[in-house]
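Below is one structure, written out as structure tokens; comments come after it.
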Amino acid sequence: MTINKNKVGTEMTIALTGRLDTTTAPLLEQELQNNLAGVESLIFDLQALEYISSAGLRVLLYAQKVMNRQGSMVVRNANDMIQEVFDITGFADILTIE
């Protein structure tokens, strides 16, 4: 998985490419722990994300909990398969998905 971060002021966009799974989820979690301070708007761009596992969902939930305290979080461009995972797991009710 590739993580591309773009921070402008208090807004950070994270674009994910590849698979967010048991192997790669800790990498994303570490990036979030190191970079969320001062972020008021977090955007996940999942256009190039091919797969998400329960480990990946857990990291998104972690990010949502942090952003509930300090701002807002949006998930954008999820493909049909990723959206189906969000729907089945109930994450569609937890996350703001555009």
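The values are calculated or read from the model by the stated rules, or taken from the named source; none is laboratory data. Bear in mind that the values here come from a model prediction, so they are computed numbers and not experimental data. Quick reminder, even Gly has a Cβ in these numbers, built from the backbone with ideal geometry, and neighbours come from all protein chains shown.
Overview of values
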{"item": "Condition check for VAL66: β-branched (Val, Ile, Thr), under 13 Å from the mean Cα position of the chain (by Cα) and in a helix (DSSP H, G or I)", "result": "yes"}
{"item": "Residue identified as crowded, with 17+ Cβ neighbours inside 10 Å and at pLDDT 95 or above among GLN64, GLN47, GLN33", "result": "GLN64"}
{"item": "Complete set of residues in region 1-30 that are farther than 17 Å from MET73 by Cα, crowded, with 16+ Cβ neighbours inside 10 Å and polar (S, T, N, Q)", "result": "THR24"}
